[in-house]
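Each remark here refers to the structure printed beneath this line.
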Amino acid sequence: MTPIKVLVADDHQATRAGIRAALQEPDFTICAEEADAPSAVEAALRTRPHICLLDIHMPGNGIAAAAEIANALPETALVMLTVSRNDDDLFAALRAGASGYLLKDTDPARLPHALRGVLEGEAALPRPLVARVLEEFRGRGKRRRLGAGDRGVELTSREWEVLELLCDGLSTAEIAKGLFISRVTVRTHVAAVLRKLRVPDRKAAVELLKEYEGR
């Protein structure tokens with residue numbers, strides 16, 4: 001049986017060593033180890049691995065490397081390795097072509113099984129992140145209406161979440177932390193809410209929601 005060739009790219013030598021140790025099985029071989037995104041892309045093109053394990057925040061941007069490798073080597077599976085539970089990172093990685101998103105605190109003993117699953121067409125995602133992907137997928141088509149009749153306004157499920165948290169008095173930073181998204185993403189949702197409700201600021205949006213819910 002041909003060994004599964006794995007490229008590992010992470011700027012922390014200890015992480016690379018840990019992955020190497022976890023994959024010391026007959027059906028795996030580490031074909032390259034790199035410490036930054038440009039080197040990872042170059043090594044992938046040279047060695048044509050079955051799987052690339054890429055750190056999201058390594059120098060040069062792991063997500064950019066994933067997108068470049070996916071474009072050049074569509075048959076290579078991409079798995080992101082990260083400490084980030086941020087929704088923005090997760091969805092950016094999936095859009096770049098990643099088939100997996102593994103947290104660095106994942107049990108090393110599970111890594112071989114997860115990578116074999118990726119090659120068999122499975123998505124390697126921790127359970128909490130699977131829930132977020134499903135929530136995002138469902139939320140795209142799930143909308144709630146504020147108001148009635150022709151004056152009613154449809155908000156996405158995420159926009160409703162943000163608006164309700166604003167109504168609870170949370171700041172941008174607190175909302176970002178609670179929803180595991182960036183502050184920029186929070187501001188984008190707030191801007192969309194204000195535009196749809198045709199109100200000038202957050203205070204007016206909160207007052208409108210309170211009036212609607214009879215608070």
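Summing +1 for each Lys or Arg and -1 for each Asp or Glu among the other residues whose beta-carbon sits under 11 angstrom from that of H12 gives -1.
Across all Cα pairs in the chain, the calculated P(r) in 10 Å bins from zero up to the longest distance comes to 8, 30, 25, 17, 13, 6, 1 percent per bin.
Ordered from highest to lowest accessible area with the whole protein assembly present and a 1.4 Å probe, D87, D201 read as D201, D87.
With an 8 Å Cα cut-off and a minimum separation of 6 or more residues, compute the relative contact order for the chain in percent. Could the numbers behind the result be given before it?
Numbers: 316 pairs, mean separation 28.2, N = 215.
After rounding, I find 13 percent.
Working note: Karplus 6.51/-1.76/1.60 with θ = phi - 60° gives the stretch 183-195 the couplings 5, 4, 5, 4, 4, 5, 5, 4, 4, 5, 4, 4, 5 Hz, where Gly and Pro are set to x. In this structure, the amide hydrogen of N86, modeled 1.01 Å from its nitrogen in the peptide plane, lies closer than 5 angstrom to no residue at least 5 positions away or on a different chain. Solvent-accessible surface of the stretch 54-115, averaged per residue with a 1.4 angstrom probe and all protein chains in place: 42 square angstrom. The angle between the Cα long axis of helix 202-213 and the longest principal axis of the Cα atoms of the chain comes to about 70 degrees, rounded to the nearest 10. Put simply, the amide H of C52, placed in the peptide plane, has neighbours under 5 Å in L7, A77, L78, V79, leaving out anything fewer than 5 places away on its chain.
Report the semi-axes of the equivalent ellipsoid for the stretch 1-64 in whole Å, largest first, where each axis is √(5λ) for an eigenvalue λ of the Cα gyration tensor.
Details: eigenvalues 75, 38, 11 Å².
Equivalent-ellipsoid dimensions as semi-axes: 19, 14, 8 Å.
Within the accessible surface of the chain, defined with a 1.4 Å probe on protein heavy atoms only, the carbon and sulfur portion equals 51 percent. Summary: within the chain, the longest segment free of GluC sites (Glu not before Pro) located in DSSP loops with at most 11 other C-beta atoms within 10 Å is 121-215. Quote the FRET efficiency, to the nearest 0.05, computed for L45 versus H12 with a Förster distance R0 of 22 Å and r equal to the Cβ-Cβ distance. The computed FRET efficiency comes out at 0.40.
The values are calculated or read from the model by the stated rules, or taken from the named source; none is laboratory data. Please read all numbers here as calculations on a predicted model, not as lab measurements. In this analysis, Cβ positions are derived from the backbone assuming ideal geometry, glycine residues included, and neighbour counts consider all displayed protein chains. Remember, those area values only see protein heavy atoms, side chains included, never the ligands or the DNA or RNA. Shrake-Rupley method; radii C 1.70, N 1.55, O 1.52, S 1.80 Å.
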